[in-house]
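To start, the structure under review is shown below, and the notes come after it.
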């Protein structure tokens, strides 16, 4: 079987050259949106909620939203460090739930509400 040496393979298609650094304007906008998209979306959501309910942007409400989100932020930072270090530990949520129950029982024992006195007298680990 002989190959014909005069037949040339197809040439590669020409890549169009664009101005502005070799990428079209729409690609630059898309790259900017990929990096800043979550921040833009956050501002859009806050603006829509503020239009629907103006009391959302009051300082007291923003402080409450920030305080409620701070627990999840601390947990997510801790989980990120655990996963990056190579050990995947999924018990963080369980430990958070257990610690909240223990704090609720101790809080009820110290304030004298509910049936927490019964728990305190049985276990002795909450002191009032």
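The values are calculated or read from the model by the stated rules, or taken from the named source; none is laboratory data. Because the structure is predicted, anything quoted here is derived from the model rather than measured. For neighbour counting, all protein chains shown are included, and Cβ atoms are generated from backbone atoms with ideal geometry for every residue, glycine included.
Assuming residue 25 fulfils every condition listed in (1) surrounded by 10 or more Cβ atoms within 10 Å (Cβ to Cβ); (2) more than 30 Å from residue 92 (Cβ to Cβ); (3) at pLDDT 90 or above apart from one, which condition is it?
The one condition residue 25 does not meet is (3).
Residues checked against (1) at pLDDT 80 or above; (2) part of a helix (DSSP H, G or I); (3) in contact with a helix residue (DSSP H, G or I) (Cβ under 8 Å, 6 or more places away or on another chain):
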{"residue": "45", "(1), (2), (3)": "yes, yes, no"}
{"residue": "49", "(1), (2), (3)": "yes, yes, yes"}
{"residue": "69", "(1), (2), (3)": "yes, yes, no"}
{"residue": "108", "(1), (2), (3)": "no, yes, yes"}
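Pairs, please: C-beta under 6 Å, at least 6 apart or cross-chain, first residue more than 17 Å from residue 65 (Cβ to Cβ) and in the range 34-51, second in a helix (DSSP H, G or I)?
Within 6 Å, no pair qualifies.
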